[in-house]
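Only one structure is covered here, and it is reproduced in the block below.
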Amino acid sequence: MAFRYDKDEQNIVTLTLDMPGRSANVLNEEFGRGLAEALAHLQAETDLAGVILTSGKKSFLAGGDLDYLYAAADPAELFHNTQQLKAGFRALETLGKPIVAALNGTALGGGLELALACHYRICLDDPKIKIGFPEVTLGLLPGGGGIARLTRMIGLQASFPYLSEGRQVPPQAAQKDGLINELAATIEEMMAKARAWIAANSHPKQPWDQSGYRMPGGDPKRPQMVQMLAIAPAILRKNTYGNYPAPEAIMSAAVEGAMVDFETACRIESRYFAQVATSQVAKNMINTFWFQLNAINEGQSRPQEIEPQETHKVGVLGAGMMGHGIAYVTAQAGMQVVLKDVTLEKAEAGKAQVAKILQKRVGRGRATADEMQAVLDRIHPTAAADDLQGCDLIIEAVFEDRDLKARVTAEAEAQISPDAIFGSNTSTLPITGLAQRSSRPENFIGIHFFSPVDKMRLVEIIVGEQSSGRALAKAFDYTLKIRKTPIVVNDSRGFYTSRVFGTYVNEGLALLAEGQHPRAIESAGLQAGMPVGPLALSDEVSLSLMRHIREQTRKDFAAEGRPFPEHPAYQVVDTLLHQYNRAGKAQGAGFYEYPSGEPKFLWPELRRLFPLNSGRELSQAEMIERIMFVQALETVRCYEEGVLRSVADANIGSIFGWGFAPFHGGTLQYINAYGLPRFVARAGELAEQYGGRFTPPSLLIAMAEQGKQF
């Protein structure tokens with residue numbers, strides 16, 4: 001039974017949602033049957049005083065069953081099932097007796113929808129509890145009456161951050177916004193308050209069921225609301241480029257639903273829900289952001305035979321942008337940090353940058369001054385190598401230079417214990433080569449952070465040829481402890497993320513070399529779903545750094561006796577650097593101009609320097625396809641070569657690492673959705689037109705022929 005049914009001497013029934021065999025309650029067929037049975041019992045009661053709805057799990061209700069939603073393919077069937085669920089919620093709130101939701105834990109998505117179908121909501125005052133509608137982050141929208149009820153409860157404008165942005169808040173913020181009525185310090189107090197409210201409110205009705213009801217803030221016909229709604233779709237489209245159906249469907253369901261009666265509003269919501277939930281975008285996002293992300297965070301890439309590896313004290317070598325960011329996230333997670341640089345002044349400057357990050361958190365109300373000081377107290381800036389003694393993990397974050405990295409490795413290893421792990425935060429240099437300069441290569445591993453460290457969610461762990469399973473487990477567990485997502489890859493030049501990220505930038509530069517309009521190239525990148533256009537991204541990275549990495553790679557290829565693959569992007573970089581001294585944003589001039597105090601703009605000379613030589617201007621669709629294909633194909637090569645260990649690591653790494661379009665679900669999911677046979681055929685056409693970088697790998701051809709997917 002999904003619900004336990006308990007009636008007390010006050011004739012109050014407590015329905016405890018406690019689905020057997022599950023760690024959390026979800027909305028599925030079992031829930032629907034349990035709710036129907038409970039409603040039948042309640043409707044048969046002759047002396048019922050009221051109902052308290054609570055949970056026997058740590059959370060209240062986790063939301064919809066994503067296994068079911070991922071498999072749903074028929075919109076009509078999904079619409080019917082959604083309406084059935086809503087009928088149960090509607091029967092609950094129109095029972096004629098007071099219904100109180102006693103939220104003992106997190107109520108997200110369907111959990112909050114169930115709570116909103118109660119007349120009153122009391123929640124434990126625990127900041128770890130989250131209240132909200134995260135559906136949009138999975139390409140979905142609330143389908144259990146959440147849109148219809150929330151808009152009627154707090155108004156259209158106040159609802160949009162919860163519905164369209166997936167806002168999740170702790171109980172105090174939820175109470176302030178009107179989602180929760182009361183807070184309680186303990187479960188006992190919460191249940192006592194629920195009984196007291198029932199005793200004082202014998203025949204409550206939902207606001208929208210009362211005569212004379214008016215929507216808070218006004219309905220869509222109100223003049224001020226008309227003005228807001230007139231521009232809202234344009235603002236939304238500017239942010240999403242039309243790539244995400246869910247936010248647009250949420251806005252439509254909310255506005256259309258606000259102009260009709262409640263039952264009709266729920267039916268409108270169900271239609272949009274069925275349409276969006278069966279879309280390819282929803283399938284992509286559920287697959288990647290739910291199933292694959294959970295598999296990664298649960299340790300699918302971690303050696304299972306090795307016990308948990310606790311990290312206590314971390315030495316960070318280099319206090320620059322990456323180093324101080326690593327120090328911040330490590331100290332924030334409760335570990336001691338030794339922040340070392342060549343001088344004490346540089347180390348202290350790094351700690352000062354940590355203080356700036358923390359001060360912003362304090363200013364936004366996300367941390368207290370005492371919490372800020374506690375983090376800073378865990379960071380010890382120094383220039384002395386012997387301060388590294390006692391560190392069980394070292395993370396090197398110095399410049400991408402082999403000799404420099406070798407020197408700091410030797411210096412640190414002379415101080416730390418033989419079983420301490422050494423991680424290199426290199427973004428391109430092969431770990432196996434760096435480990436050759438280590439006295440203990442089995443303890444040497446790559447721990448690649450992304451900039452800015454305090455904001456980027458991903459850490460790419462790179463396993464060298466001699467890296468031990470314990471080194472991998474240590475790096476993996478440390479990454480989870482700092483609340484980031486670890487992907488694990490095998491050693492290679494550029495590993496996975498830097499290697500494939502480079503193809504996006506280079507394809508944008510190749511389009512410029514062909515004479516495509518710079519603004520069209522940037523727009524293609526943004527419309528493709530990338531966070532920044534390829535030319536702007538080149539400026540951010542720095543053209544001089546791009547050239548440095550290229551020339552280092554060229555030397556390595558020569559030393560290995562391999563030909564270096566040329567690319568049309570290189571000529572573009574060399575022209576700007578050597579002929580015009582335009583190295584990027586940090587130097588104030590690159591593909592863009594950076595006037596002081598004004599918005600950047602594309603350098604007008606680009607059109608003269610790179611005239612159209614390809615015969616025609618490409619459409620946005622053609623440029624978008626090239627940008628997407630080149631990244632997906634390089635990902636397949638990484639998978640084929642064994643650099644990538646799993647499809648999940650590929651998809652999550654592409655989105656969290658360099659911002660591959662989330663609505664596609666990652667680089668390999670993009671191929672799945674495109675269809676492998678069709679993708680292979682189109683890649684062949686692009687290869688004929690633009691070169692070997694578009695040639696489909698043999699693995700991909702074989703999978704297409706065998707009817708397989710990633």
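Quick note: the coordinates plus some simple rules give every number you see, no bench work behind them. Please read all numbers here as calculations on a predicted model, not as lab measurements. Glycine gets a Cβ as well: all are built from the backbone with ideal geometry, and neighbour counts include every protein chain shown.
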Output for the range 548-597 (equivalent-ellipsoid semi-axes, sqrt of 5λ from the C-alpha gyration tensor, Å, descending) is 29, 11, 7
Tyr592 neighbourhood, Cβ < 13 Å, K/R = +1, D/E = -1, net charge -2
Specify the inter-centroid distance of the range 321-396 and the range 496-556, based on alpha-carbon positions, in whole Å.
33
Formal net charge of residues neighbouring Ala91 (Cβ-Cβ distance under 15 Å; K, R +1; D, E -1)
0
Please list, in order along the range 510-520, the HN-Hα scalar couplings obtained from phi with the Karplus expression 6.51 cos²θ - 1.76 cosθ + 1.60 (θ = phi - 60°), rounded to whole Hz, x for Gly and Pro.
5, 4, 5, 4, 7, x, 5, 5, x, 5, 5
Under the helix-only model (-39500 (n - 2.57) for each DSSP H run of 4 or more, divided by the residues of the chain), the mean residue ellipticity at 222 nm, to 500 deg cm²/dmol, is -15000 deg cm²/dmol
Amide H contacts of Cys123 (H built 1.01 Å from N, under 5 Å, at least 5 apart or other chain):
Leu103, Glu182, Leu183, Ala184
Which whole-number percent gives the relative contact order of the chain, counting Cα pairs below 8 Å spaced six or more residues apart?
9
Would you tally the net charge around Ile129, using a Cβ to Cβ cut-off of less than 13 Å, leaving Ile129 out, and scoring K and R as +1, D and E as -1?
+3
Net dipole in debye of the chain [+1 Lys, Arg Cβ; -1 Asp, Glu Cβ; about Cα centre; nearest 20]
1200
With bins 10 Å wide starting at 0, give me the P(r) of the chain over every alpha carbon pair, in whole percents.
3, 13, 20, 23, 20, 13, 6, 2, 0
Could you tell me how far the Cα centroid of the range 423-447 sits from the Cα centroid of the range 107-181, in Å?
47
Hey, what D do you get for the range 313-492 in µm²/s if you plug the Kirkwood alpha-carbon radius into Stokes-Einstein at 37 °C and 0.692 mPa s?
205
Per-peptide average of other Cβ atoms within 10 Å, ordering 173-183, 7-17, 477-487, 108-118 highest first
108-118, 477-487, 173-183, 7-17
